[in-house]
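A.B. asks: Let me begin by handing over the structure; questions about it come next.
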Amino acid sequence: MAEKDWIARYFAPLAKGQGAAGLRDDVAQLGTTGPVAITVDAMVEGVHFLASDPIDTVARKLVRANVSDLLASGAEPAEALLTLGWPKARGEAEIAAFSAALGDELSAWGAQLIGGDTVTSPLGLFLSLTLTGRCLADGPVRRTGAKPGDAVWLTGCIGGAARGWEAVSGGDKGVAGGWRDAYRLPDLPPLAAAAFIARHASAAMDVSDGLLIDARSLAAASGVSLEIDLGAVPFAGGADGEAEMLKLATWGDDYQVLFTAPEAASATIAQQASDEGIQLARIGKISDMSGLSLILRGRNVNLPETLGFEHG
C-alpha cells in the first residue's frame, strides 16, 4: 500500500482537530494555548520492543513513553505528531491494528494526532512520537528545583517491566504470565498526576531508564544529593533482598514519576495522593551535598556498577 493510502485510510481518521487539516498538508497548526511542554520519544524494533510483541501494545507503549514525560512536567497531553517507518513485511492488518490502538491510547489521555510522516523501512519497525502538553503551572516542572530538606517521592511501583521481560524471554519460568503486560504496556500514574505534580513538586522527572540512574540525573540537575531508602521503594511483586532490589531499581521501563517536595508539605501530599487515587511512596530525602546514595535498614549500600540504561 502506498504511503498516501496508509495516511488516508488509517491515520487521517484520527486527526480530527481543525489544526490537522485532515493530514492533507505538510504542516499542522497547534491549538494548545498558554505555556506548552513538548517531548519526543523514539522506539526501535529489537531495542525497545520485540518483533513478536503484539502491534497494539507497541502503539500504546509509544504513547505512554511520551505521556510519562508530560505527567512528570505537570502537563496534560494535547497534540501528537507521529513518525512511522513501516516494514514491507508487516501486512495491512497490522497497520490497521496499530492505528486503532494509537488512536484509542491518545484519546484516553485527552490527546489527538495532528500530523507526522510515514515511510517504508527496509529493516525493522521504527517509530517516533512528539507530544505537546498543556502546562498546569506557569511552565513545565523541571529537574532543577530540588532543595536541601525536600522529601523524595515516587508514584507507582518499580520493577514490573523487569519481571515482565523475564516472563517474555523465558528467563524465569516461575513468573506469572501477567507480568508480560508490565513489560509490553507500562502502567502509568493517572492523568490526575499532572495537576498533582504542578501543584506540589519542586523538581520531577519520569523514571524510564532505571530508578537509580534517573535519581542521579535529578540530583545532578539540581546540584544536590539524593538519598534513597531501598526499603521504602515499592517493588513490583516485592523484593527479597538487596540484590533483587538493586536489579529492579536499575532495569528501567517503569514510566513512573520521581519528584521532590518540601518536607513541610509531606502530610498534605500523602493525603491528597490518597484522595486522588495516586499510588505514592516517600522513598528518600535531599541534602546539600552532591550525587546519589542508598541506604537499607539504616546502613549504607554501595551503588552498583551500572545504575540503569545508558543511551548511546
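The values are calculated or read from the model by the stated rules, or taken from the named source; none is laboratory data. None of these values were measured; they are calculated from a predicted model. Using ideal geometry, Cβ is built from the backbone for each residue, glycine included, and neighbour counts are taken over all protein chains shown.
A.B. asks: On the given criteria, is Ala37 part of a strand (DSSP E or B) and in contact with a strand residue (DSSP E or B) (Cβ under 6 Å, 6 or more places away or on another chain)?
C.D. replies: So Ala37 passes the test.
A.B. asks: Taking the condition of being under 14 Å from Thr130 (Cβ atoms) and either in the same structural domain as Val207 (by TED's automatic domain parsing) or of a type outside the set (A, V, I, L, M, F, W, C) (or both), how many residues in segment 71-99 meet it?
C.D. replies: 3
A.B. asks: Turning to a different aspect of this structure: Report yes if some residue within segment 144-154 is buried (at least 24 other Cβ atoms within 10 Å of the Cβ), in contact with a helix residue (DSSP H, G or I) (Cβ under 6 Å, 6 or more places away or on another chain), modelled with pLDDT of 95 or more and more than 30 Å from Pro262 (Cα to Cα); otherwise report no.
C.D. replies: no
A.B. asks: Moving to a separate point now. When only residues in segment 1-34 that are among the aliphatic types (A, V, I, L, M) and outside any loop (DSSP other than H, G, I, E, B) count, which is modelled with the lowest pLDDT?
C.D. replies: Looking at the filtered set, the residue picked out is Leu23.
A.B. asks: Looking only at segment 29-47, count how many residues are surrounded by 19 or more Cβ atoms within 10 Å (Cβ to Cβ) and more than 18 Å from Ala194 (Cβ to Cβ).
C.D. replies: The total comes to 1.
A.B. asks: Does segment 132-142 contain any residue that is at pLDDT below 95, surrounded by fewer than 22 Cβ atoms within 10 Å (Cβ to Cβ) and part of a loop (DSSP other than H, G, I, E, B)?
C.D. replies: Within segment 132-142, not a single residue is at pLDDT below 95, surrounded by fewer than 22 Cβ atoms within 10 Å (Cβ to Cβ) and part of a loop (DSSP other than H, G, I, E, B).
A.B. asks: Taking Gly284 as the residue in question, decide whether it is within 20 Å of Ala201 (Cα to Cα) and surrounded by fewer than 16 Cβ atoms within 10 Å (Cβ to Cβ).
C.D. replies: It is false that Gly284 is within 20 Å of Ala201 (Cα to Cα) and surrounded by fewer than 16 Cβ atoms within 10 Å (Cβ to Cβ).
A.B. asks: Thr250 fails exactly one of the following numbered conditions: (1) crowded, with 16+ Cβ neighbours inside 10 Å; (2) over 23 Å from Gly159 (Cα atoms); (3) among the polar types (S, T, N, Q); (4) free of Cβ contacts under 8 Å to residues at least 60 places away in the same chain. What is the number of that condition?
C.D. replies: Unmet for Thr250, out of (1) crowded, with 16+ Cβ neighbours inside 10 Å; (2) over 23 Å from Gly159 (Cα atoms); (3) among the polar types (S, T, N, Q); (4) free of Cβ contacts under 8 Å to residues at least 60 places away in the same chain: (2).
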